[in-house]
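Working notes for the structure below.
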Amino acid sequence: MFEGLQGKLGDIFDSLKKRGALKEADVDAALREIRVALLEADVALPVVKEFIEGVRDKAVGQEVLRSVQPGQQVVKVVHDHLVEMLGGDTPEPLRVDANPPAAILMVGLQGSGKTTTSAKIGLRLSTREKKKVLMASLDVHRPAAQQQLLQLGKQTEVNVLPPLMGEKPAAIAKRAMAVSRTEGYDFVILDTAGRLHIDLELMQEVQQVRDIANPAETLLVVDAMTGQDAVNLAREFDEKVGITGIVLTRVDGDARGGAALSMRSVTGKPIKLLGTGEKMDALDAFDAQRIAGSILGMGDIVGLVEKAQELVDEEDAEKLAKKMMKGEFTLEDMAAQFGQIRKMGSLDGLLGMLPGAKNIKQQMAGANVDEKTIAHQEAIIRSMTPKERRNPKLLNGSRRRRIAAGSGTTVPEVNRVLKQYKQMSQFMKKAGKMGKKGMLRGLPGGGLPPMGGMPPGMR
């Protein structure tokens, strides 16, 4: 989400860090550039002004300008102010300790991803928190809205209140709360109707439902691509309904991210969750420290490790670790690694979580490594027989031509995969000789081995 801002701020800070000493004029020049970058990222003007003033007050201090690494100190000042702008050091997660049955009221405009987010939260509560969850669609205006939630309920295995023909939103809310009490549900997620714009009818309808359900959480769902309009939207909903938190959706898209930086400052309401992809488990808790680190190119290693722990099969990882200790690594293992990477999300998103993501992505682009390349590599390995995957020495010219034809690729592409496999295999042997500690030092994040095809510096 913050790629544009990350790139511009990265260039500014790279320039500062190259200088051995900084003058007040240097800091002022950098702050002017930061101001422009924030405005271009759709951060609200009052928020930008306050941010720049706060940074300047500290950045031009003697303890910064006279420090051994003044450029680094300025980056730290900016980082600390970003964290403050985004909500502070302490995350404000979704309330999971509310007395059951607790209602979660979902509000927002049409097209923001509210229904999908309702299902994602339902899945998160049922799997992570082991809560019994009921979902109910109160959207009687949009065609097939209730059917959509029913389908998502089947997909996530979260119960959905069966819709009744002609039932009004208030009546649905009453029935949902009554069912939740009698059947022992912990949470009721009420998915209200969206509109193309804020209107009186919508607000009255939501207010009525709110009074019936007395929700523990009222979450405003906002598309991260909305820009500065999102700030006005949040302010309006908070005044009329009283929101307790914000969920930003589509943060994996090309959004400039200004909404995230502005909404907390303007409304005082925390961003609690981020929708990071189309999959039902693509919903992350918001953490100001990690987001600020990501914006400044520091990466989010904690988030990457958490994602790996959630999605990578522990037993498979242990098996691979044992093979690595023995210096064993086959093409089947290489394909399995591609599968694990795919499970963890988009390649671009994963790279964005690494420190120095900007440079890494440039290297990847220069080496023509992208998700299509990885898909082709995986297809090539899948086109081999089990015997060939275990023993690549069997792959003579005729077999390589067959694999290329079967995978829809070319013989040179097959050769590149085999070369990458050889490099990875050599790495595994070296790691095995170093022992477990040495192996972990050689792996990015102490986990997955380097992917085939990555440029120098990524291996």
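Could you list, ordered by first residue, the pairs with Cβ atoms under 6 Å in which the first is in region 105-133 and at pLDDT below 90 and the second is part of a helix (DSSP H, G or I) and of a type in the set (S, T, N, Q), at least 6 apart or interchain? Taking only residues 6 or more apart or on different chains, not a single pair turns up.
Scanning region 199-232 for residues that are touching a helix residue (DSSP H, G or I) at 6+ places or on another chain (Cβ under 7 Å), in a helix (DSSP H, G or I) and modelled with pLDDT under 80 gives 224, 226, 230, 231. Applying the condition of being of a type in the set (S, T, N, Q) and within 24 Å of residue 285 (Cβ to Cβ) to region 128-158 and asking which residue is farthest from the chain's Cα centre (by Cα) yields 155.
I'd like to check which strands (runs of 3 or more DSSP E) are fully inside region 87-195 and have at least 1 residues that are of a type in the set (Ser, Thr, Tyr). Reasoning before the result, please.
On the way: elements: 102-107, 133-137, 187-191.
Once the strands (runs of 3 or more DSSP E) in region 87-195 are filtered for at least 1 residues that are of a type in the set (Ser, Thr, Tyr), what remains is 133-137.
Taking region 395-421 as the range and being of a type in the set (A, V, I, L, M) and surrounded by 15 or more Cβ atoms within 10 Å (Cβ to Cβ) as the test, the residues that pass are 395, 403, 404, 414, 417, 418. If you scan region 253-280, which residues turn out to be modelled with pLDDT under 70, more than 17 Å from residue 82 (Cβ to Cβ) and among the charged types (D, E, K, R)? Once the filter is applied, which keeps residues that are modelled with pLDDT under 70, more than 17 Å from residue 82 (Cβ to Cβ) and among the charged types (D, E, K, R), region 253-280 yields only 254.
Here is a yes/no grid of residues against (1) modelled with pLDDT of 80 or more; (2) more than 30 Å from residue 216 (Cβ to Cβ); (3) of a type in the set (Phe, Trp, Tyr); (4) touching a helix residue (DSSP H, G or I) at 6+ places or on another chain (Cβ under 6 Å):
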position	(1), (2), (3), (4)
6	no, yes, no, yes
12	no, yes, no, yes
17	no, yes, no, yes
40	no, yes, no, no
48	yes, yes, no, yes
64	no, yes, no, yes
94	yes, no, no, no
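Looking at residue 157, is it assigned by TED's automatic domain parsing to the domain that holds residue 114 and on the phi > 0 side of the Ramachandran plot? Yes: the conditions hold for residue 157. Of the residues contained in region 49-71, none is found to be in contact with a Gly (Cβ under 6 Å, 6 or more places away or on another chain), closer than 30 Å to residue 10 by Cα, part of a helix (DSSP H, G or I) and without any contact (Cβ under 8 Å) to a residue 40 or more places away in the chain. Scanning region 394-427 for residues that are within 20 Å of residue 336 (Cα to Cα) and of a type in the set (Lys, Arg) turns up 416, 419, 422.
The values are calculated or read from the model by the stated rules, or taken from the named source; none is laboratory data. Small disclaimer: the values here were computed from a predicted structure and weren't measured. FYI the Cβ positions are ideal-geometry reconstructions off the backbone, even for glycines, and counts take in every protein chain you see.
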